[in-house]
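First up is the structure itself, then whatever we jot down about it.
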Amino acid sequence: MTEMHKATSVAQDSGSDEPDPALASLGGSGRRRQLSPEEAMRMAEKVRKVELAISLVLRIGVVMSVLVIATGLALMFAHHSAYVPLRGSFSYKELTSKATPFPHSFASLGHAISQGKGQGIVVLGVLILILTPVLRVAVSVLAFVYEKDPPMAIVTLYVLAVLVGSFFLAGV
């Protein structure tokens with residue numbers, strides 16, 4: 001049995017709620033203190049609020065992206081009636097060919113949306129879907145600040161910086 005397990009079992013067997021000094025000597029930081037029942041209830045309520053906020057961000061992001069993509073598809077089929085029949089002379093390879101005009105930059109995306117082009121609206125929906133987890137990480141940074149957990153806020157802020165930086169490095 002390792003020293004850590006011995007110290008833990010001794011602390012459990014002693015029946016006291018006091019922290020075992022042997023555990024502190026094994027590298028425990030000793031910074032955390034036992035929460036009072038009121039503090040534990042407040043912390044549990046904060047955690048519940050944070051979890052609800054994060055789930056709301058994810059749900060809204062997914063629902064918005066589905067609605068925007070469906071709207072874009074409807075517009076695309078309305079403007080191009082040849083796309084509608086599943087059988088016939090129309091080739092769906094035409095939709096995915098390199099010759100098909102498709103927004104590849106934010107400027108062309110804005111132009112396509114302003115003209116009411118379905119392809120641009122579909123791309124906007126996909127962009128919303130891609131940005132939803134990024135927004136979730138941003139909300140997590142705020143959540144850790146709200147929970148007064150600076151180490152986790154800093155780590156999550158680093159993750160957010162890496163995510164945003166990867167978009168710019170990819171040439172978005």
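The values are calculated or read from the model by the stated rules, or taken from the named source; none is laboratory data. Remember, it's a predicted structure, so these values are computed and weren't measured experimentally. Cβ placement follows ideal geometry from the backbone for every residue including glycine, while neighbour counts extend to all protein chains displayed.
What are the pairs, 6+ residues apart or on separate chains, where a residue within the range 47-65 that is under 24 Å from G118 (Cα atoms) has its Cβ under 6 Å from a residue that is hydrophobic (A, V, I, L, M, F, W, C)?
Pairs found: M64/I128; S65/I128; S65/L129.
Pick from S114, S81, S105: which is at pLDDT 85 or above and exposed (fewer than 13 other Cβ atoms within 10 Å of the Cβ)?
S114
Applying the selection to the range 117-172, what residues are more than 16 Å from the chain's Cα centre (by Cα), surrounded by 18 or more Cβ atoms within 10 Å (Cβ to Cβ) and of a type in the set (V, I, T)?
I121, V122, V123, listed by residue number.
For the range 96-119, name all the residues that are closer than 19 Å to F167 by Cβ and of a type in the set (G, A, S).
S105, A107, S108, G110 - these are the residues of the range 96-119 that are closer than 19 Å to F167 by Cβ and of a type in the set (G, A, S).
From the list A22, A11, A70, which one is over 23 Å from P151 (Cβ atoms), at pLDDT 90 or above and small (G, A, S)?
Step by step, each of A22, A11, A70 is checked, and only A70 is over 23 Å from P151 (Cβ atoms), at pLDDT 90 or above and small (G, A, S).
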